[in-house]
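Chemist: Sending over a structure as structure tokens; questions will come in a sec.
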Amino acid sequence: MKILFISRTVYSGEKSGISVATTLQYEMIKSILGNNCELFKVNPVKKKLPKKIWNYFWDKRYAGMTTEQENIIIDKIRDEKFDIVYIDNSLWGFLAERIKNATNSKLYVFFQDIEYFRLKSIYKNYLKVNNFKSCLYYKMQFRLAEPNEKKIALYADKIINYNKRDSALLYKKYKRKSDNIIPIFLNNRNIEFDTYDSELFDSKCTSLLFVGVSGYEPNIFGVRKFITEVIPYINANLYIIGKGMENYKTEFEKLSLKVNVVGTVESLDEYYTNADAVVIPIYSGGGMKLKTVEALMYGKTIFGTKEAFEGYDIDYSKVGGLCNTSLDFINSINSYKPQKYNKNSRDIYINYYSNIAVKKSFKEVFEK
């Protein structure tokens, strides 16, 4: 059995959740199938502006895909006779149509989320704050996502996604059920945990951590809302790390003296270890949040929104708290007696969201 794994984000060098998640998926499948799994990296063809506009609005290709790339992929599949073509996103519907019409390969697709709904939820958030530039961008994006997802849902032989919500949304929008649900995961690491139990003392939470790249708009929307609506009413300092976040240092630190923007870092270990808790104020999106499983892996207490915990089967009270409003965050943080290490979080990670826990599920996708 030969598999061609097609991706734009695997080994992209980005520190975004999608890049990490797709790279781990490829490495997982590679560990199961060995040399029978080959990676094809989609490298967007550089086009001048008129051709870019044509590519988007006439050809309806985006997320790095072009008709030129499709031609290369189709020729490769035909020449090397792959049994399965695995696409790691739902945005290349026209490629899926061509694969099914021009080859005999089975088509497997991993829906990282239902992009139509994810992008539309972001669009609606920006409508609330009258950010018309972002509104226009995301409106164009979810309208481009729709025809691509419709085609890929039609032509895929097998669809995989992260959680029941996305499976339900897939059926609601495209009348197609997912075949496998496999949660997001991270490779286990041997981390030295500070198990000092500060709950034994009359201590207060003084150090909160937010992790997220600046290039993902819901991160900026959420952390800005947290700074303006939560930070004034708690005693803790907020540390913000993530690729490109240094670009917001002036703006965010000007809003409050309790905000410290670190930005891009080589290692997360020090920041996770020192934090009393992790906050994930994300109000729109789809799929599952990698920052949530990352915090679980580090054994941290998490205060997050419903969107932050979407797809995770956990008892919120044991890992931290569900906070859907700014008042929820304020009350939860002010009543929290900090502990550097939350064993419940770590145990949930090991049992359900580590590479060891999900490997069996990936094996079943190909064994059947």
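Chemist: Determine whether LYS175 is modelled with pLDDT of 95 or more, surrounded by fewer than 17 Cβ atoms within 10 Å (Cβ to Cβ), within 30 Å of TYR352 (Cα to Cα) and not hydroxyl-bearing (Ser, Thr, Tyr).
Modeler: Yes.
Chemist: Select from the stretch 105-157 the residues that are among the charged types (D, E, K, R) and modelled with pLDDT under 90 and write down the one among them that is nearest to the chain's Cα centre (by Cα).
Modeler: Only one residue fits best here, namely ARG118.
Chemist: Would you check if TYR56 is of a type in the set (Ser, Thr, Tyr), modelled with pLDDT under 95 and open to solvent by 70 Å² or more (accessible area, probe 1.4 Å)?
Modeler: yes
Chemist: Enumerate the pairs (first residue in the stretch 59-81 and within 18 Å of LEU39 (Cβ to Cβ); second residue anywhere and open to solvent by 40 Å² or more (accessible area, probe 1.4 Å) and outside any loop (DSSP other than H, G, I, E, B)) with beta-carbon separation below 7 Å, excluding pairs fewer than 6 apart on the same chain, so at least 6 apart or on different chains.
Modeler: From the stretch 59-81, the pairs are GLU70/ARG98; ILE74/ARG98.
Chemist: While we're on this one: What is the one condition in (1) surrounded by fewer than 19 Cβ atoms within 10 Å (Cβ to Cβ); (2) farther than 28 Å from LEU127 by Cα; (3) β-branched (Val, Ile, Thr) that THR325 does not satisfy?
Modeler: (2)
Chemist: A further question on this structure: When both residues are 6+ apart or on different chains and their Cβ atoms are under 9 Å apart, which pairs have a first residue that lies in the stretch 208-236 and is farther than 18 Å from VAL265 by Cα and touching a residue at least 60 places away in the same chain (Cβ under 8 Å), and a second that is part of a loop (DSSP other than H, G, I, E, B) and among the acidic types (Asp, Glu)?
Modeler: Partner pairs satisfying both residue conditions: ALA236/ASP276.
Chemist: Take VAL261 and tell me if it is touching a Lys or Arg at 6+ places or on another chain (Cβ under 7 Å) and open to solvent by less than 60 Å² (accessible area, probe 1.4 Å). Show your work before the answer.
Modeler: On the way: touching a Lys or Arg at 6+ places or on another chain (Cβ under 7 Å): yes; open to solvent by less than 60 Å² (accessible area, probe 1.4 Å): yes.
So VAL261 passes the test.
Chemist: Restricting to the stretch 232-258, give me the number of residues that are in contact with a Cys (Cβ under 8 Å, 6 or more places away or on another chain) and either surrounded by fewer than 20 Cβ atoms within 10 Å (Cβ to Cβ) or among the aromatic types (Phe, Trp, Tyr) (or both).
Modeler: Of the residues in the stretch 232-258, 1 are in contact with a Cys (Cβ under 8 Å, 6 or more places away or on another chain) and either surrounded by fewer than 20 Cβ atoms within 10 Å (Cβ to Cβ) or among the aromatic types (Phe, Trp, Tyr) (or both).
Chemist: How many residues are open to solvent by 30 Å² or more (accessible area, probe 1.4 Å), more than 14 Å from LYS318 (Cα to Cα) and part of a helix (DSSP H, G or I) when one looks only at the stretch 331-368?
Modeler: Qualifying residue count for the region: 14.
Chemist: Pairs, please: C-beta under 8 Å, at least 6 apart or cross-chain, first residue farther than 11 Å from ARG224 by Cα and in the stretch 248-260, second assigned to a strand (DSSP E or B) and open to solvent by 60 Å² or more (accessible area, probe 1.4 Å)?
Modeler: Close Cβ pairs satisfying both conditions: ASN260/TYR239.
Chemist: Further question on the same structure: Within the set of pairs 6+ apart or on separate chains, which have a first residue in the stretch 349-362 that is free of Cβ contacts under 8 Å to residues at least 40 places away in the same chain, a second that is part of a helix (DSSP H, G or I) and open to solvent by 10 Å² or more (accessible area, probe 1.4 Å), and C-beta atoms under 9 Å apart?
Modeler: Between residues of the stretch 349-362 that are free of Cβ contacts under 8 Å to residues at least 40 places away in the same chain and residues that are part of a helix (DSSP H, G or I) and open to solvent by 10 Å² or more (accessible area, probe 1.4 Å), the close pairs are ASN351/ALA357.
Chemist: A further question follows. Loosely packed, with under 15 Cβ neighbours inside 10 Å and at pLDDT below 95 - does that describe any residue in the stretch 272-291?
Modeler: yes
Chemist: Tell me the residue from LYS41, LYS81, LYS2, LYS76 that is at pLDDT 90 or above, on the phi > 0 side of the Ramachandran plot and charged (D, E, K, R), please.
Modeler: It is LYS81.
Chemist: I've got another one for you. Looking at the stretch 202-221, which of the residues that are among the small types (Gly, Ala, Ser) and within 15 Å of the chain's Cα centre (by Cα) is least open to solvent (accessible area, probe 1.4 Å)?
Modeler: Across the stretch 202-221, the extreme among qualifying residues is GLY212.
The values are calculated or read from the model by the stated rules, or taken from the named source; none is laboratory data. No experiment lies behind these values; they were computed from the predicted model shown. So basically every Cβ, Gly included, is an ideal-geometry build from the backbone, and we count neighbours across all protein chains shown. Side chains are part of the model used for accessible areas, which takes the heavy atoms of the whole protein and leaves out ligands, DNA and RNA. Shrake-Rupley method; radii C 1.70, N 1.55, O 1.52, S 1.80 Å.
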